[in-house]
Structure formats: C-alpha cells, structure tokens
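Trainee: The structure follows.
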Amino acid sequence: MCTKQCSIKTFFKMAPQIKYTKLFIDNEWVDSKSGKTFETRSPHDGSVIAKVAEGDKADIDEAVKAARRAFHRNSEWRLMDASQRGRLLSKLADLIDRDFEYLSQLESYDNGMVMNFANMLVGGAGNFVRYIAGLADKVQGDTIPADGDVFSYTLRQPVGVCGLILPWNGPILMFLAKVATALAAGCTVVVKPAEQTPLTALALAALLKEAGVPKGVVNVVNGFGETAGVALTHHPHIAKVSFTGSVEVGKLIQQAAGARNLKRITLELGGKSPLVIMDDADLNVAVPFAAQGVFGHQGQMCIAASRLYVHSKIYDKFIEEAVKYAKEIKVGNPKDANVDQGPQIDEEMMNKILGYIEKGKKEGAKLLTGGKRIGKTGYYIEPTVFVDVKDDMTIAREEIFGPVQSILKFDTLEEVIDRANDTNYGLAAGIFTTNVNHALQFAKHVEAGTVWVNSYLHFAPQGPFGGFKDSGIGRENGFHALDPYLEVKTVTLALPKKF
Ligand code: NAI
Ligand code: MG
C-alpha cells in the first residue's frame, strides 16, 4: 500500500489491489475443480494482471446446485419479503458508492477503459441499482374477470435459476443490469463473466455477500465461452439465460436454449447504428456527439454510431470538422486523467479492427485520418475517419467495435430512413435536426430499440434498452425490467354457492 511519503498522484498511478481471483460459489471462494487458472491481461501493455480460477462444466454444475438450493421454496431467499430483497440491493448500491474509486480503477485496469469513462459508469452504478431495487416490491398480479362464479387472480413469480453471460466491454454495468434485476425478481443466478475481464464481477460478488445476500443466490464462475458458457446454456436446471455479446453467440444461445429444457432468453447483441445529420443541425453540437458516439470507449460499444449519414448540403463542412475533432483525440494510458481514448480490449480485437480498416481502403472508402496501430505494446489504434463510404461496403455493414467513423452522404430524409433500416441490426439510432417534424418522423420509422434526437449515448435506468431484429430479444432496464425474470400464474377458485 501507499506509504505516507508517496503523493496522491503516485497513489492513483499504482495498480489497484487484486483481492479476489477464485470462483464464488455458495458465498465461498473456491478453486476450480480442475485446478486450472487463466491469465487476465492489461490491454495497455499486455502484461499479466492476475491468474484467475478457470471454471468449466464441473464448476457450473456446482454453482447451479447452489443456486437451486437457494431457490428452494423454503429457502431464506424465497421466504424473504420482497421489500427486504429491495433493501439488500439498496445496501449493495451503498457499497458500490463506498468503493467507487477502487471499482473504477479495477474496471479500467482490466478492461482498458479510460478513467473518465470508468468513473462515469461506476459513478452511475449505485443509482442504477437503487432504481432496480425499488422495483422489487412492485411486482403485482391482477384480478381476472373470468366467466362463472369464481375468483381468479394472477401471481407473478420468479422464473428460477438464471444463467447470466457477460461481455467484456462494460463488465460492472452488465453484471449489475443482469444480477440486480434477477435478484429484484426473486431469482437466483450463476454468472459467467467474459474471459477478458474476470475481476470486477468478483469484487461485486464480495459486495453482494457483504450486503447480506444469502448463500447460493449469486454464484460467479469465470471461464471460457466454449466450456463454462456452453455448460451454462445447456444446463437442464437453468430456467433462463440473459446474454450480452455477439450476434454469432446470441444465435448459438438461442439454439442451446431449446436443446434440453426450454429456457427463456434475453439477448442484447451488437449493432450498426445509424446517426443522421440533417442540413439544419447545429454542427457545434452534432460533430462532438457524432465523434463521441463512435470513438467513446474506443468504439467498443454496442450502440456505437458506426454509420454516420451526413446531408449533402453540409457534407464538406461536416467532414472537415469531424477530421479536426478526431485528430485532437488524446490516445494514451487509460490511467491518465486527461486521456480520451485507451487501448482495444485485446490483440484479437485490435487485429480484427485493423482488418476492417484495410477492407475499407480496399473497397474504395476514402481514409482522411488514422488507420494505423499506435506503438508496439498494448492494443492502441488511431482514431480513424473514412468518408465517401457506400452502403454496401463491409465497413458500413459489419460491426467493427473500434474507433472507426464511417461517413456516408444522403440527400433526403425519406432516402436516409430506408438506408438506415437496410441492415439486420436494430439497436440504436440518432438524428440531429432543428425540425421537430423530421425528428418525429425519423423516430417513428427507424427500426431501432433506442432513438436519440440531438443527443447520443444518453442512458437512464428508467428507459427500456434492447434491440430490433438481430440486435436482440427482449429489453433490459425500465419499469418492466423484472418481467423477463417472472412467470405469470393464473389461480382460479370456485366460489361456494351457499354462504
Ligand atoms: P462473444 O459473444 O464471443 O462473448 C461474449 C460472452 O459470451 C463471453 O462471456 C464469452 O465467454 C461468452 N461466450 C462465447 N461463446 C459462447 C458460447 N458458445 N456459449 C455461451 N457463451 C459463450 O463476443 P466476443 O468474442 O468477445 O466479441 C466478438 C464481437 O461481438 C465483437 O467484435 C463485437 O462486435 C460483439 N460484441 C458485442 C457486445 C455488445 O455489447 N453487444 C459486447 C461484446 C462483443
Ligand atoms: Mg467470441
């Protein structure tokens, strides 16, 4: 730890302490049954941060057993008042606020997200959990006007043990969006974090235990998709899977969900989100939003504004400003407070993005800035701007998940709505305009689960989030967030004729 002599500055430059590396099953820290571990590495320089217990099918089986015991009708968890479940989650929110700095630093260290971004996400996490906690005791059934002399009503009950599979791009937020929601609904869970970012899920598991969540309710098994992930999605005692990640794996999960028992699924997958800049837009606002919409978090966002449609009348002016903005982005060590862009998550993703950049050049898009790897250690890529991109080019069709802005030209709103919808994705969309009619027509007709007008990336726990088409199934967050974790039961009593 920091001694008295070391300055505050040095303290924040130190790597955060790694407190947990084992599996978390039944509220205990355990090694994997095979004894295997895997390395988690820093995206900044590729160095090993920690060796983490590697779970596979045998560990998933143990975790599911623990979660089933915790879901037994006579368990402490099932007998707990819904309001108490809410209080436990509120306690978790307080603990997240207490450990805010540590959690932000750990997230940045393991994932490579810049500290400003980590602070924003983790800073909002407590309130996110508080919102979900507030829903725990607001699950209500209906009285049913059934024909006949009966009294009929519905109960809404937790679906069972849930398998929650997380991506690496927002580990803390994804963990909380899924775990807090499942717990508010009364479910128990087995979490499989992404292999690139196993650490913050363990830190949150420790906070859940500290908050007083009974044993077996939350279990965290780190490991790989092909082993631990597959075991979870095929497990006959998992009632529901919630997954965030690639469309490719989303489709595998949909198949796995019907392979043994019939699992309910929520899928939050990728995107190729269109952002439209009309000729009446305020460019002082639109240019920075468009840039942050795709360069933010190194472009590793499912809602990245990766197809930027700019009206022909302002096209030249816009691209001049966009390139200027991209050139001013400060890329560097995510620990430095004044850095805008950090490294990509790993070498594989970096190479995938560089491959897309090469394809963009080969297929005739004009590269105005960026396009190359920065340095030889770590996984840094220059903020890249392509213009004169055509709808059928690979960089306009496939999710790049990197700092690559692709700019396309259009002439009319009618035309751009059709072009925006010409994709299998449907996660987010945006428009910058001062014409309210144009904004409302776009919002009505664009096929996307989230639409921003004169804004981008604005999130609130109160707003449902999810995708149209191949971008997913179901919604997370919002007032109805608990619904996918609940079953509806109709109960009907015959009323005695004599009374
Ligand atoms: P991925 O979909 O392979 O991995 C996400 C999670 O699924 C990880 O926890 C992984 O271990 C698990 N997984 C992998 N294969 C599985 C299987 N067969 N069964 C069960 N679980 C499995 O995503 P990856 O490889 O990290 O990234 C590939 C692409 O996916 C990215 O380039 C990006 O386009 C997209 N992506 C989208 C995200 C989003 O926020 N919607 C997040 C991460 C990636
Ligand atoms: Mg994968």
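The values are calculated or read from the model by the stated rules, or taken from the named source; none is laboratory data. Not measured: the values here are computed from a predicted model. We place every Cβ from the backbone using ideal geometry, glycine too, and count neighbours over all the protein chains shown.
Trainee: Does Ala429 meet the test of being within 29 Å of Ile353 (Cα to Cα), buried (at least 17 other Cβ atoms within 10 Å of the Cβ) and hydrophobic (A, V, I, L, M, F, W, C)? Show your work before the answer.
Mentor: Numbers: within 29 Å of Ile353 (Cα to Cα): yes; buried (at least 17 other Cβ atoms within 10 Å of the Cβ): yes; hydrophobic (A, V, I, L, M, F, W, C): yes.
Taking the combined requirement at face value, the residue satisfies it.
Trainee: Here is a check on your reading of the model: is Val285 within 16 Å of ligand 2 (Cβ to nearest atom), surrounded by fewer than 23 Cβ atoms within 10 Å (Cβ to Cβ) and either touching a residue at least 24 places away in the same chain (Cβ under 8 Å) or not assigned by TED's automatic domain parsing to the domain that holds Asp346 (or both)? Before the answer, list the steps.
Mentor: On the way: within 16 Å of ligand 2 (Cβ to nearest atom): no; surrounded by fewer than 23 Cβ atoms within 10 Å (Cβ to Cβ): yes; either touching a residue at least 24 places away in the same chain (Cβ under 8 Å) or not assigned by TED's automatic domain parsing to the domain that holds Asp346 (or both): yes.
Here the answer is no, as Val285 does not meet what is asked.
Trainee: Can you pull out every residue in region 232-253 that is in a helix (DSSP H, G or I) and within 16 Å of ligand 2 (Cβ to nearest atom)? Talk me through it step by step, then tell me what you get.
Mentor: Here is the first cut: in region 232-253, the ones in a helix (DSSP H, G or I) are 232-234, 247-253.
Matches in region 232-253: Leu232, Thr233, Val247, Glu248, Val249, Gly250, Lys251, Leu252, Ile253.
Trainee: Inspect region 370-381 for any residue being crowded, with 17+ Cβ neighbours inside 10 Å and within 16 Å of ligand 1 (Cβ to nearest atom) and give the result as yes or no. Break it down into steps so the answer makes sense when it comes.
Mentor: Step one: list which residues in region 370-381 are crowded, with 17+ Cβ neighbours inside 10 Å, which gives 370-371, 378-381.
Cutting the leftovers down to within 16 Å of ligand 1 (Cβ to nearest atom) gives us 379, 381.
Yes, the conditions are met somewhere in region 370-381.
Trainee: For Val218, work out the one condition from (1) assigned by TED's automatic domain parsing to the domain that holds Lys65; (2) within 12 Å of ligand 1 (Cβ to nearest atom) it doesn't fulfil.
Mentor: (2)
Trainee: Continuing with this model, one more query. When you scan region 241-253, do you find a residue that is out of contact with any Leu (no Cβ under 6 Å at 6 or more places or on another chain) and more than 14 Å from ligand 1 (Cβ to nearest atom), even just one? Quick ask: steps written out before the conclusion?
Mentor: Going through region 241-253, the residues out of contact with any Leu (no Cβ under 6 Å at 6 or more places or on another chain) turn out to be 241, 244-246, 248-249, 251-253.
Adding the requirement that they be more than 14 Å from ligand 1 (Cβ to nearest atom) leaves none.
Taking every residue of region 241-253 in turn, none turns out to be out of contact with any Leu (no Cβ under 6 Å at 6 or more places or on another chain) and more than 14 Å from ligand 1 (Cβ to nearest atom).
Trainee: For the list (1) without any contact (Cβ under 8 Å) to a residue 60 or more places away in the chain; (2) in contact with a helix residue (DSSP H, G or I) (Cβ under 6 Å, 6 or more places away or on another chain); (3) closer than 30 Å to Ile381 by Cβ, I need the number of the one condition that His445 fails.
Mentor: Against the list (1) without any contact (Cβ under 8 Å) to a residue 60 or more places away in the chain; (2) in contact with a helix residue (DSSP H, G or I) (Cβ under 6 Å, 6 or more places away or on another chain); (3) closer than 30 Å to Ile381 by Cβ, His445 comes up short only on (3).
Trainee: So which of Asp45, Asp59 ends up being loosely packed, with under 15 Cβ neighbours inside 10 Å and not in a strand (DSSP E or B)? Reasoning before the result, please.
Mentor: Details: Asp59 fails: loosely packed, with under 15 Cβ neighbours inside 10 Å.
After ruling out the rest, the residue left standing is Asp45.
Trainee: Hey, another quick one. Out of all the residues in region 153-173, which are buried (at least 20 other Cβ atoms within 10 Å of the Cβ) and assigned to a strand (DSSP E or B)?
Mentor: Pro158, Val161, Cys162, Gly163, Leu164, Ile165
Trainee: Check region 454-462 and report whether any residue there is within 20 Å of Gln140 (Cα to Cα), out of contact with any Pro (no Cβ under 9 Å at 6 or more places or on another chain) and modelled with pLDDT of 95 or more. Walk me through how you get there before you give the answer.
Mentor: The first filter runs over region 454-462 and keeps only residues within 20 Å of Gln140 (Cα to Cα), leaving 462.
Retained after the next criterion (residues that are out of contact with any Pro (no Cβ under 9 Å at 6 or more places or on another chain)): 462.
From the residues that got through so far, the ones that are modelled with pLDDT of 95 or more too are 462.
Yes, the conditions are met somewhere in region 454-462.
Trainee: Being under 30 Å from Gly293 (Cα atoms) and within 10 Å of ligand 1 (Cβ to nearest atom): is that true of Leu267 here?
Mentor: Values: under 30 Å from Gly293 (Cα atoms): yes; within 10 Å of ligand 1 (Cβ to nearest atom): yes.
Yes, satisfied.
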